Amino acid sequence: MAQSNWRFAIRALRSRNYRLFFGGQSISLVGTWMTRIATSWLVYRLTKSPFLLGLTSFAGQAPTFFLGPFAGVWVDRWDRHRTLIVTQILSMLQSFGLAVLALLHVITIWEVILLMLFQGLINSFDMPARQAFVVQMVDDRNDLSNAIALNSSMVNAARLVGPAIAGVLIAAVGEGYCFLLDGISYIAVIVSLFSMHVQPRAAGQAHRRVLVDFREGWTYVTRSVPIRSILLLLSVISIVGMPYTVLMPVFASKVLGGGAHTLGFLMSAVGVGALASALSLAARKTVLGLGRMIAISAALFGATLIAFSFSRVLWLSLVLLLFTGFGFLQQMAASNTILQTIVAEEKRGRVMSFYAMSFQGVAPFGSLIAGAFAARIGAPHTLAFGGATCIVAGLWFARELPAIRHDVRPIYRELGILPELAGGIHTASQLQTPPKT
């Protein structure tokens, strides 16, 4: 029975393309997390400024906000597989650029910011393409939710390993080697993408103007109560909650009195909690109940942020960050799963670009604000306020659940997720249009 449950939890790996992606990306993401930690520590070491920490994060994520929704239009038109190959190669070159400057000891804060801006431009196309490509990698559409959960497991397993390695490397030989290993790690995912056998998908309507397709995607998102509510909650959490990662060097150094290794431990604790959350989602047999889980996990995330902001003991901070990681990942991955389940295929790239904008695109504004507030009132008070706002946002989403369920239920019936009512129903339009008499 245990073996059967384990196989069910990794069922998306039965698909060859997804198995290749999972293997290559697992290696690459360890390098990505090493670079994240190394970049934060490098900026703080060079400047000792919480504001510049926020500004660096802003530069790396702001392009997703400004370009992401338009990038989604192109993702719906382009071949997603080829798009990912290009973005991964460019990301590799960006990491090697950081490595060269850091290893030659000529890197400055402004060069870091410019290279982070370049990575942000890449991510504007990479994130929606990556999210939309998942459905093409799994052979059985029923494995889609499991693939999304496994993606989250992969990201957070890397979050567990990458920061720990980065902390040791930074203390021993400096940040440059973290960037170098990250650049090398991209080779794994690039090879996996070239090894795939991908069925070509129907091209988007390239003859239409970009603004027309953008407006169509925007209307689709804003008129859907489930999509609109999920993205609004995700935006709030990203603005007021996600900046905790930007402020983590301040907590590691000033609040807890540690160094680079302390920062690695703190981020690894978040990774452990997030990994546990992702594995729990992978073991789920249905998407039913995820809406309620989104509300609960948003409140949990906020509550643990408040508690962490008051902690001055390392072991207690590590325990609290386990629950912080669990709550954030549960809310983010559950949101992704519902969106991927209910979205129309021809609008998937655009919807996932709005998801990327809500998840990563608005976060830099929060990072910038958090950096400014932390410089004035301190990082602990800034984080406590963000946590309280997350709790309020979770309560609002809980109040919206009846309306969300009302709109989602017909789609679930059509897909057979509610099998007792699925018979005889073939299209969404049949569910919404009364039969002719």
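Here are a few things to note about the model shown:
Matching residues to (1) surrounded by fewer than 22 Cβ atoms within 10 Å (Cβ to Cβ); (2) touching a residue at least 12 places away in the same chain (Cβ under 8 Å):
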residue	(1), (2)
G162	no, yes
V173	yes, no
F179	no, yes
E216	yes, yes
V250	no, yes
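- Any hit, region 202-219, residues being under 21 Å from the mean Cα position of the chain (by Cα) and either small (G, A, S) or modelled with pLDDT of 85 or more (or both): yes
- Residue check for Q330: assigned to a helix (DSSP H, G or I), within 24 Å of M154 (Cβ to Cβ) and in contact with a Ser or Thr (Cβ under 7 Å, 6 or more places away or on another chain): yes
- Every pair of residues 6+ apart whose Cβ atoms lie under 6 Å, when the first sits in region 107-131 and is closer than 16 Å to L67 by Cβ while the second is among the charged types (D, E, K, R): A129/R80
- Against the criterion of being buried (at least 24 other Cβ atoms within 10 Å of the Cβ), closer than 26 Å to A12 by Cβ, among the aliphatic types (A, V, I, L, M) and in contact (Cβ under 8 Å) with a residue 12 or more places away in the chain, A356 qualifies.
- A count restricted to region 260-296 and to residues that are over 21 Å from L314 (Cα atoms), of a type outside the set (A, V, I, L, M, F, W, C), surrounded by fewer than 20 Cβ atoms within 10 Å (Cβ to Cβ) and in contact (Cβ under 8 Å) with a residue 40 or more places away in the chain stands at 5.
Here is a yes/no grid of residues against (1) among the small types (G, A, S); (2) in contact with a strand residue (DSSP E or B) (Cβ under 9 Å, 6 or more places away or on another chain); (3) more than 19 Å from L181 (Cβ to Cβ); (4) touching a residue at least 12 places away in the same chain (Cβ under 8 Å):
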site: L20; (1), (2), (3), (4): no, no, yes, yes
site: L42; (1), (2), (3), (4): no, no, no, yes
site: S49; (1), (2), (3), (4): yes, no, yes, yes
site: V73; (1), (2), (3), (4): no, no, yes, yes
site: D76; (1), (2), (3), (4): no, no, yes, yes
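- Inclusion of R141 among residues that are in contact with a helix residue (DSSP H, G or I) (Cβ under 9 Å, 6 or more places away or on another chain), charged (D, E, K, R) and at pLDDT below 75 is warranted.
Quick grid of which residues meet (1) of a type in the set (V, I, T); (2) touching a helix residue (DSSP H, G or I) at 6+ places or on another chain (Cβ under 7 Å):
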| position | (1), (2) |
| --- | --- |
| R36 | no, no |
| T39 | yes, yes |
| F51 | no, yes |
| G54 | no, yes |
| P63 | no, yes |
| L67 | no, yes |
| V75 | yes, yes |
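- Selection within region 91-139 - outside any helix (DSSP H, G or I) and crowded, with 16+ Cβ neighbours inside 10 Å: I107, V138
- Note on region 39-96: among residues that are among the aromatic types (F, W, Y) and modelled with pLDDT under 80, the one that is nearest to A379 (Cα to Cα) is F51.
- Residue tally, condition more than 13 Å from I165 (Cα to Cα) and among the β-branched types (V, I, T), over region 260-280: 2
- Residue among R409, R376, R405 that alone is at pLDDT below 85, surrounded by fewer than 20 Cβ atoms within 10 Å (Cβ to Cβ) and under 20 Å from S229 (Cα atoms): R409
- Count - residues of region 335-359 that are among the hydrophobic types (A, V, I, L, M, F, W, C), assigned to a helix (DSSP H, G or I) and out of contact with any Gly (no Cβ under 6 Å at 6 or more places or on another chain): 7
Okay, residues lined up against (1) at negative phi; (2) crowded, with 24+ Cβ neighbours inside 10 Å; (3) in contact with a Cys (Cβ under 8 Å, 6 or more places away or on another chain):
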site: T39; (1), (2), (3): yes, yes, no
site: R45; (1), (2), (3): yes, no, no
site: K48; (1), (2), (3): no, no, no
site: G54; (1), (2), (3): yes, yes, no
site: Q61; (1), (2), (3): yes, yes, no
site: L67; (1), (2), (3): yes, no, no
site: V75; (1), (2), (3): yes, yes, no
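- Inspection of region 281-288 finds no residue satisfying the criterion of being in contact with a Leu (Cβ under 6 Å, 6 or more places away or on another chain) and in a loop (DSSP other than H, G, I, E, B).
- Given (1) over 17 Å from the mean Cα position of the chain (by Cα); (2) over 17 Å from I109 (Cα atoms); (3) not charged (D, E, K, R), index of the condition P50 fails: (2)
- Residue match in region 33-46 (condition: under 30 Å from V198 (Cα atoms) and under 18 Å from the mean Cα position of the chain (by Cα)): yes
- Single unsatisfied condition, S367 versus (1) modelled with pLDDT under 80; (2) within 28 Å of the chain's Cα centre (by Cα); (3) over 12 Å from L247 (Cβ atoms): (3)
The values are calculated or read from the model by the stated rules, or taken from the named source; none is laboratory data. The structure presented is a predicted model; accordingly, all values stated were derived computationally and were not measured. Here the Cβ is made from the backbone with ideal geometry for all residues, glycine too, and neighbour counts use every protein chain on show.
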